[in-house]
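Trainee: Input: one structure, supplied below.
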Number of protein chains: 2
Amino acid sequence: MSAGATAARPQPLRPRTEAKRARIVEVAMLHFARQGYEAARVSDIAEELGIAKGSIFQHFGSKDGLFFEAYKKATRAFSPYLNVPPDIRARGFFAILRYWLVRTEHMVREDWIPYRVYLMGNYGTDLALRRDINRFLIAEDPYGRVAFVRFGLERGELRQDLDVEVIVSIIDWMVERFQDALLTEELDPGLFRRPGDVAEKKEARINQFLAILRRAIGK
Amino acid sequence: MSAGATAARPQPLRPRTEAKRARIVEVAMLHFARQGYEAARVSDIAEELGIAKGSIFQHFGSKDGLFFEAYKKATRAFSPYLNVPPDIRARGFFAILRYWLVRTEHMVREDWIPYRVYLMGNYGTDLALRRDINRFLIAEDPYGRVAFVRFGLERGELRQDLDVEVIVSIIDWMVERFQDALLTEELDPGLFRRPGDVAEKKEARINQFLAILRRAIGK
DNA sequence: TTTTCTAGCTGACTGGAGGTCATTAATGAG
DNA sequence: CTCATTAATGACCTCCAGTCAGCTAGAAAA
């Protein structure tokens, strides 16, 4: 455990080395996504790449370190909030949010590899790594959450009397809850009793969430 | 992995057996809390109890199974929402919530053993176990969240046009975020820049959260 | 009390995982 | 071509969850 992320690397690294690291992370992401953190085997990853297991440890220090890189790659693969079609953007903060909520489902299914790794990082790792992950999210803000909230504030759609962090936190929560619900459904369809009304219910949920959010943080 | 919780046990179990299970779970909780899931050793737990490691596996099937029992015990150790002094209760839903938010900090520090195990269950376990945990929370509702929300609805303090589940979900989120912030602070004091203003900031945060919540779900 | 039965306990054992390191190979600058 | 540095290898190590054949204690039956 202990994580500590990647080993320090002061020099800029040769390009070939960088390329190899990328290949390893790519395959690792797949294995983590398919099997979960525990069940993923470093030896399998090495075998699939046709390299020695030792190499992976040389590059990433530990399985934790490898996962952390995979997690970072996964989060970077997602589109920032403000990356939406111009017409949606023109309609403002809440329209953008709705756009992404509706999309979430597609993303979970289509782009499931980074998605699962991302979820594992949020829910499925030990507290030690979680700390590094928190740091990373604060430092990089990969989905441009802060910029998104600023956008809403500048357009006058959001209340001015709240800390930006608080608003960001609320957005996070909503999106996470939504993903969580989708994931749970996927893992355990029995939770949704009547399979017919899932779609409607989802639509209704989105509307409820957005309405709540408007009242909570909207002007 | 695979979890699957405890082995099936149709018979009611002898009292001595039940007592021993309880002792094991007790000690396990402590070890998990102190060392985290990964670092906790089943053999250490056995040694501390003066029993054979094999016995633990006989009782709980796996380390996962043991953790799940510890998690359940931890959650059951917490007080339900509605368990507050009468004068607080008389002041209604939001007063109760404030009461618990203010207490959270004490609880994290004083009652830290179940607390850490609880947090590990929420954040720090593999997705496989998370499914069991979700089921358990839905089935048992250990802190009486649903009853609490009903209380608020009956008093007319909450909007009638929202699903109970949605309100419960929002409450959960807020409490979790709060705990998370406290835990993060504990793990990494550097995140809070000026150490002096933490207390005030916390007070301010509680107020902000409650204000947001009132607008979001209050009548 | 004695015998029988069996749930529960034991602890040596295994398999397989992450991780190490001395050695070897590849790379690129001069 | 030479040499210094970086990367790759794979045999090896350690450690731990999980197993299992046999044993024990205590309750029920005789």
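Trainee: At R0 = 51 Å, how high is the FRET efficiency between B:ARG41 and A:ARG16 if r is their beta carbon distance? Nearest 0.05 is fine.
Mentor: Working from the Cβ atoms, E equals 0.80.
Trainee: So, one more: When the gyration tensor of the stretch B:15-75 is built from Cα positions, what are the square roots of 5 times its three eigenvalues, in whole Å, from largest to smallest?
Mentor: 16, 13, 10
Trainee: Explain nothing, just the number: dipole magnitude of the stretch A:14-108 about its Cα centre with +1 on each Lys and Arg Cβ and -1 on each Asp and Glu Cβ, in debye rounded to the nearest 20.
Mentor: 320
Trainee: Suppose R0 equals 22 Å; then what is the FRET efficiency for A:ALA95 and A:ASP141 from their Cβ-Cβ distance, rounded to the nearest 0.05?
Mentor: 0.55
Trainee: Just checking the output field for A:130-137: average partner chain Cβ neighbours within 10 Å of each residue's Cβ?
Mentor: 3
Trainee: List A:LYS72, A:LYS20 from most exposed to least, where exposure is judged by having the fewest other Cβ atoms within 10 Å.
Mentor: Lowest count first: A:LYS20, A:LYS72.
Trainee: Same structure, new question: Copy-to-copy spacing for B:ARG76, label 7 Å out on the Cα-to-C-beta vector, in nm, shortest first?
Mentor: 4.7
Trainee: How many angstrom separate the Cα center of the stretch B:56-85 from the Cα center of the stretch A:41-107?
Mentor: For the stretch B:56-85 versus the stretch A:41-107, the Cα centre distance is 33 Å.
Trainee: What gaps in nm, shortest first, separate B:ASP180 from its twins in the other copies when you place the label 7 Å past Cα toward the beta carbon?
Mentor: Spelled out, the distances from B:ASP180's label point are 0.9 nm.
Trainee: So between B:ASP161 and B:ARG131, what do we pick up on full extension, going 0.36 nm a residue minus the alpha carbon distance?
Mentor: 7.9 nm
Trainee: For the residue pair A:GLU200 and A:ARG76, what label-to-label distance in nm results when each label sits 7 Å from Cα along the Cα-to-beta-carbon direction?
Mentor: Roughly 4.5 nm, to one decimal.
Trainee: Only sites in a loop by DSSP and with at most 16 other Cβ atoms within 10 Å count here; which trypsin sites (Lys or Arg not before Pro) in the stretch A:103-156 make the cut?
Mentor: Here the trypsin sites (Lys or Arg not before Pro) that fit, given the DSSP loop and packing criteria, are A:ARG155.
Trainee: Positive end of the dipole of the stretch B:79-217, charges at C-beta (+1 Lys, Arg; -1 Asp, Glu), about the Cα centre: which of B:ASN122, B:PHE178, B:GLY156 has its Cα farthest in that direction?
Mentor: Projecting each Cα onto the dipole axis, the largest value belongs to B:GLY156.
Trainee: Take the Cα radius of gyration of the stretch A:78-217 and divide it by 2.2 N^0.38 Å, with N its residue count; two decimals is plenty.
Mentor: Expressed relative to 2.2 N^0.38 Å, the Cα Rg reads 1.10.
Values in this text are rule-based calculations from the coordinates and carry no lab data. Given the structure is predicted, the values throughout are model-derived calculations rather than measurements. Every residue, glycine among them, receives a Cβ derived from its backbone with ideal geometry; neighbour counts consider all protein chains shown.
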